[in-house]
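Peer 1: I'd like to ask some things about the structure below.
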Amino acid sequence: YALQGRPSLPPAPAQPPTASTEGATQLVEIRADMDESFGSAKRWLVTADSFAKQGDYSLSAAYIQSGLRTDPQNADLWSALGLQLMLASEGQMSPPAQLAFDKARAIRPNYPAPYYFAGLARLFAGDLDGAVLLWEKTVSLATPNAKWKTRIESQLKAAKALQAQTTQAESNIKS
């Protein structure tokens, strides 16, 4: 306090840190590219995605839940809900997000989005090996002309390179 304190300044409430929505916007776009439901889910997801792109993940999740009340067997809506809950938890896989992704996989087992986002949460949690396994599964589920495939393959390649560097560094330490 003696070095940094400035008692002459008026009090001011702390400002919350401003979160960049650029990363969230990219994740929403990846999820949208993976969506396969062009019917009832689209009308809910367009609005929910706009809330998410503005950083309001709670409102986005609430809006998606409204859609799930009318269409509870829609894997796209469950996956989108999982993503919004994950974003609201700052990238961590919360139990509600996990439940939403599990529901999406139960409805459509070969749906790539839940695997991709679960891998992303593993990466954020420091589990690089788990992320690589889930992203390999994601890529294996891609159709030949999937718009998102090259982007995920690039991320997987970078993760594998990091994995190799980590393995090399660990073996150097042991030597």
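The values are calculated or read from the model by the stated rules, or taken from the named source; none is laboratory data. It should be emphasised that the depicted structure is a prediction, and the values quoted were computed from it without experimental measurement. No Cβ is skipped: glycine too gets one built from the backbone with ideal geometry, and neighbour counts run over all protein chains shown. When the accessible area is computed, the model is the full protein with side chains, heavy atoms only, and any ligands, DNA or RNA have been set aside. Shrake-Rupley method; radii C 1.70, N 1.55, O 1.52, S 1.80 Å.
Peer 1: From the residues in the stretch 139-175 that are farther than 20 Å from Asp129 by Cα and in contact (Cβ under 8 Å) with a residue 60 or more places away in the chain, which one is surrounded by the fewest Cβ atoms within 10 Å (Cβ to Cβ)?
Peer 2: Applying the filter and picking the extreme gives Lys147.
Peer 1: For the stretch 118-133, which positions are surrounded by fewer than 21 Cβ atoms within 10 Å (Cβ to Cβ), without any contact (Cβ under 8 Å) to a residue 24 or more places away in the chain and not acidic (Asp, Glu)?
Peer 2: Gly126, Gly130, Leu133
Peer 1: Select, from Tyr115, Tyr111, Tyr57, the only residue that is more than 19 Å from Ile152 (Cα to Cα) and open to solvent by less than 70 Å² (accessible area, probe 1.4 Å).
Peer 2: Residue meeting the stated conditions: Tyr57.
Peer 1: The conditions are (1) over 25 Å from Lys42 (Cα atoms); (2) open to solvent by 10 Å² or more (accessible area, probe 1.4 Å); (3) in a helix (DSSP H, G or I), and Gln92 fails exactly one of them. Which is it?
Peer 2: Only one criterion in (1) over 25 Å from Lys42 (Cα atoms); (2) open to solvent by 10 Å² or more (accessible area, probe 1.4 Å); (3) in a helix (DSSP H, G or I) is unmet by Gln92, namely (3).
Peer 1: Across the stretch 126-144, what is the number of residues that are farther than 15 Å from Asn110 by Cβ and hydroxyl-bearing (Ser, Thr, Tyr)?
Peer 2: 0
Peer 1: May I pose another question? Going through the stretch 50-92 one residue at a time, which ones are among the small types (Gly, Ala, Ser) and more than 25 Å from Arg122 (Cβ to Cβ)?
Peer 2: Within the stretch 50-92, Ser50, Ala62, Ser66, Gly67 meet the criteria.
Peer 1: Sticking with this one: Listed residues Leu59, Leu77, Leu83; which is touching a Gly at 6+ places or on another chain (Cβ under 6 Å) and at negative phi?
Peer 2: Answer to the check: Leu77.
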